[in-house]
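Below you'll find the structure I mean.
The values are calculated or read from the model by the stated rules, or taken from the named source; none is laboratory data. Quantities reported herein were computed from a predicted structural model and do not represent experimental measurements. Heads up, the Cβs are rebuilt from the backbone with ideal geometry, glycines too, and the neighbour counts pull from every protein chain shown. To get the accessible areas, we keep the full protein, side chains included, count just its heavy atoms, and leave off ligands, DNA and RNA. Shrake-Rupley method; radii C 1.70, N 1.55, O 1.52, S 1.80 Å.
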Amino acid sequence: MTAMPKFTRRTFLISSAAVGGGLALGLRLPPFGPAVVRAADGSPEITVWVAIRPDNTTLIRAVRAEMGQGTITGLAQLIAEELDCDWSKVEIEYPTPGQSVARKRAWGEFSTGGSRGVRQSNEYVRKGGAAARMMLVQAAANEWKVPASECTAANSVITHKPSGRKTTYGKVAEAAARLEQPKDVPLKDPKTWKIAGKPLKRLDTAGKVNGTMMYGIDVKLPGMLNAAVKDCPVFGGKVKSFDAARVSGMRGVKKVVQVGDSGVAVIADTWWNAKTALEQLPIVWDEGENAKVSSASIAEILKAGLDAEQAFVGNQAGGDVKAALAAAAKRIEAVYAFPFQNHACMEPMNATVRWTPDKCELWGPTQNGEGAFAQVLEASGLTADKVDVHNVMLGGGFGRRGTYPDDYVGQAVLIAKQMPGTPVKMIWSREEDMAHGKYHPVMQCKLVGGLDANGNLTGLHMRLSGQSILASVRPEVVQAQKGRDPLSFQGVFESGEHSFSYTVPNLLIDHAMRNTHVPPGFWRGVNVNQNALFIECFMDELAEAAGQDALEFRRKLMAKHPRNLGVLNAVAERIGWSKPASSGVYRGLAHLHCFDSFVAAACEISVRDGNKVKVHRIVAATDPGYAVNPAQIERQVAGSFVYGLSALFMQECTVKDGRIEQTNFHQYNSMRIAQMPKVETILMPAGGTVWGGIGEPTICVAAPAVLNAFYRATGKRIRSVPLKNHGVELV
């Protein structure tokens, strides 16, 4: 199978038809009977996930966001597998949230985050493909007046086995679309997969290479204007005043507008003219009390939480942890810290909006089409049938383009409302993007462990102190949990997709919630980044105190965690843990259970002059249950290490006078290709009923593995990141 399927961006993005009023796709949903729901080009819809053209092209619907992680290709593989279609003639079509709402959420969840794109939707999209195949076969059987059981389907061709007659999906699609969907839809055994589970090329690569791929920042509509926006640099501050007359006469400027309580925008013929005028615009801010906040003051608040009496419990097992620690033959204590971090997507936040009293449409990159739809609905003041969102390729997401309160989607609508009937593309400058992120939460952690006389871990208390993401973006969840944020315990929770990987006789893991005025967000991997670093580096500390090998110490605590142990053993064996490393090379390892996947990493590093670190090699093992595209999983693992190692060595957002100090990439760096280690990926899909994530889990194990290796190389135990603050650099 060498032909490449097409990955098309819908022409409505740049056509005048888009300005007029949307698509025809799926706006009629007959309960039964001869009426046929059609795609935008008139092709009959078989199920909500599949439409077939007369030329035998298969249109596969996708509602999850594509931002480089390969979700769309993976989902298309799953649907195509069950459909038994010709993979070389697959194209992708994008329903909108408005169309989904009109059809009672026919496509289900649009959100793409938490590694849920494939694992959450795999069953219903597969059934959508399988049901379409059954309907196409039945339509052919009806035409031939033979039992469907005598017919088979393969590569978009249906064959009647006894007679040898053949027809194509395209020829029977109209008839199939009129059939009632089957209620009993069996799925294939993954062991028989021919499309899913294979390392097929991604559907979006060609467009990225040849420059035809459409990103949000590329959107152009007839008569479109451009807007640059500036929000109060202190979170929670407001606009006091601004002098629009000072810039109204500048080149290309059309209008200067206030955006909500805290922002000002300049609308002009080009974005550069808008940005230039905005930089000259005198703005007086009411910065409020938050202008007094600094990184140092935040750190003191978190430090106090480490010993606070009250905390929310996330994991508790065994008896009295305090008593166990008091009775321990040896007591080990350490405090770790993790900073604010920006997503720093290569494409800054942007959106294009056209607002009229009768219709509001947004074109832009979002990880949550339905969430963006809700924000457009609220900001536009219109009803749901007059609102829609057209998602485009994301130039990076990493959690930043999820749905957050008071964010870029709402801004874009509020700006466009002040230019009725005219499309306005709002783009944030890099400086604005750095100043108004939704940052990885700041966190400190105090760990106390107790060992008996034989070096066995008898008690462990892990106290987290820091921000809650859900308290900011989903307060109803925190309220339902009686004040607790369950996501704070990712990787160390009592049960579920983020359960703790060790069995400790006396265990307490709790969280002193200490929220700041800096808004937190879901940064790739979310809370497993700091939790893996905290627990896996401390496990090395405990092993050393017990006089035991780091791997053997862990193994003793993992008898009841076979899949965790499986990935840990795999990386240890591949790296050669039981054998001496080469001269000057030092090893470290780490593992975690998160997003329903089991991940581990082992690394080899060398250190020159005590502070120049070369990461030579990282071996990563992943057990996600199922591997839909092995090649893409390998890319995700390697890509996650770029993000994770950049954060470990270089990335931190600091606060001074209530605002973020870093303004661009010269202050918020990323690793270069020459610094990238060799990555060896071990895939260990164990099957079962649970599907694990790919994009988020593995990022968390690189940093603690490298830190543990650094200690072995230098004897220095570093407990706060980034390492640049300790004079340590990646080479």
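Can you work out the FRET efficiency for the pair E300 and M346, with r the C-beta to C-beta distance and R0 = 35 Å, to the nearest 0.05? Before the final figure, lay out the partial values.
Details: r = 35 Å, r/R0 = 1.00.
With a Förster radius of 35 Å, E is 0.50.
Just by accessible area at a 1.4 angstrom probe, what is the order of W428, W285 from largest to smallest?
On the way: W428 10, W285 50 Å².
Per-residue accessible area, sorted high to low, gives W285, W428.
Can I ask one more? Using a 7 Å offset from the Cα along the Cα-to-Cβ direction at both I283 and R251, what is the distance between the two label points in nm, to one decimal?
2.3 nm
Here's a follow-up. For the range 226-309, list log₁₀ I(q)/I(0) at each q in 0.14, 0.19 Å⁻¹, using the Debye formula over Cα point scatterers of equal strength and ignoring solvent, two decimals each.
For the range 226-309, the Cα-only Debye profile gives -0.55, -0.78.
Among 184-195, 454-465, how do they line up from the highest to the lowest mean number of other beta-carbon atoms within 10 Å? Spell out each step's value before the answer.
Details: 184-195: 12.7, 454-465: 22.2.
Going by the mean number of other Cβ atoms within 10 Å, highest first, we get 454-465, 184-195.
To continue, here is another question. Counting only the backbone N, which residues of the range 121-149 are under 13 Å from the spot 7 Å out from the Cα of L179 toward its beta-carbon?
130-149
Which shape class applies to the chain: rounded if a/c is under 1.5, otherwise prolate when a/b exceeds b/c and oblate if not, where a ≥ b ≥ c are the square roots of the Cα gyration tensor eigenvalues?
On the way: a/c = 2.03, a/b = 1.20, b/c = 1.68.
It is oblate, given that a/c is not under 1.5 and a/b is not larger than b/c.
A further question on this structure: Taking just the alpha-carbon atoms of the range 9-206, what radius of gyration and Dmax come out, in angstrom?
Cα-based Rg and Dmax for the range 9-206 come out at 16.5, 53 Å.
Kirkwood Rh over alpha-carbon pairs of the range 339-466, then Stokes-Einstein at 20 °C and 1.002 mPa s: what D in µm² s⁻¹, rounded to an integer? All intermediate terms of the calculation are to be shown ahead of the outcome.
Working: Rh = 16.9 Å.
Estimated via Stokes-Einstein, D reaches 127 µm²/s.
Next question. Restricting things to alpha carbons, tell me how big the range 285-411 is in terms of Rg and Dmax, in Å.
Rg, Dmax (Cα atoms, Å): 23.1, 74.
Separate question: Counting only helical runs of four or more DSSP H residues, what would the 222 nm mean residue ellipticity of the chain come to if each run contributes -39,500 (n - 2.57) and the total is spread over all its residues? Could you put the intermediate results ahead of the total?
On the way: 19 runs with 204 residues, N = 731.
So the calculated ellipticity at 222 nm is -8500 deg cm²/dmol.
Could you tell me the center-to-center distance, by alpha carbons, between the range 427-491 and the range 402-420 in angstrom?
Rounded to whole Å, the Cα centres lie 29 Å apart.
Express as a percent, rounded to the nearest 5, the fraction of DSSP beta bridges in the range 607-728 (both residues included) that run antiparallel. Don't skip to the answer; put the middle values down first.
Working: 4 of 10 bridges.
Just about 40 percent of them are antiparallel.
May I pose another question? Which value does Rg/Rh take for the range 425-498 over its C-alpha atoms, Rh per Kirkwood?
Numbers: Rg = 18.3 Å, Rh = 15.6 Å.
Rg divided by Rh gives 1.17.
Moving on to the next point. Can you tell me how much longer the chain between E573 and V690 gets when fully stretched, taken as 0.36 nm per residue apart minus their C-alpha distance, in nm with one decimal?
Numbers: separation 117, 0.36 × 117 = 42.12 nm, distance 2.63 nm.
Contour length minus the Cα-Cα distance gives 39.5 nm.
Where both residues lie in the chain, what percent of DSSP beta bridges are antiparallel, nearest 5? Each step should come with its number before you reach the end.
Values: 85 of 116 bridges.
Counting only bridges with both partners in the chain, antiparallel ones make up about 75 percent.
For the range 465-524, place one equal point scatterer on every Cα, skip the solvent, and apply the Debye formula. What is log10 of I(q)/I(0) at q = 0.13, 0.14, 0.19, 0.28 Å⁻¹?
Taken in order of the listed q values, log10 I(q)/I(0) reads -0.37, -0.43, -0.75, -1.28.
Follow-up question, since we're still on this one. Greater than 24 Å separation of Cα atoms is the criterion. Which listed pairs, K198/K579; K89/K386; K230/K292; K438/K656; K145/K188; K560/K716, meet it? Each step should come with its number before you reach the end.
Working: K198/K579 34 Å; K89/K386 34 Å; K230/K292 21 Å; K438/K656 17 Å; K145/K188 26 Å; K560/K716 33 Å.
Over 24 Å apart, Cα to Cα: K198/K579; K89/K386; K145/K188; K560/K716.
Please go through the range 53-148 and write out the trypsin sites (Lys or Arg not before Pro) that DSSP classes as loop and that have at most 14 other C-beta atoms within 10 Å. Could the numbers behind the result be given before it?
Working: sites: R61, R64, K89, R103, K104, R105, R116, R119, R126, K127, R133, K145; in loops: R64, R103, K104, R105, R116, R119, K145.
Those that pass, being in a loop and sparsely packed, are K104, R105, K145.
Cα gyration tensor of the range 109-181, axes a ≥ b ≥ c as square roots of the eigenvalues: rounded (a/c below 1.5), prolate (a/b > b/c) or oblate?
Values: a/c = 3.21, a/b = 2.57, b/c = 1.25.
It comes out prolate by the Cα gyration axes.
Using +1 at the C-beta of Lys and Arg and -1 at the C-beta of Asp and Glu, which of L507, V172, W691 has the Cα lying farthest in the positive direction of the dipole of the chain?
About the Cα centre, the residue reaching furthest to the positive side is V172.
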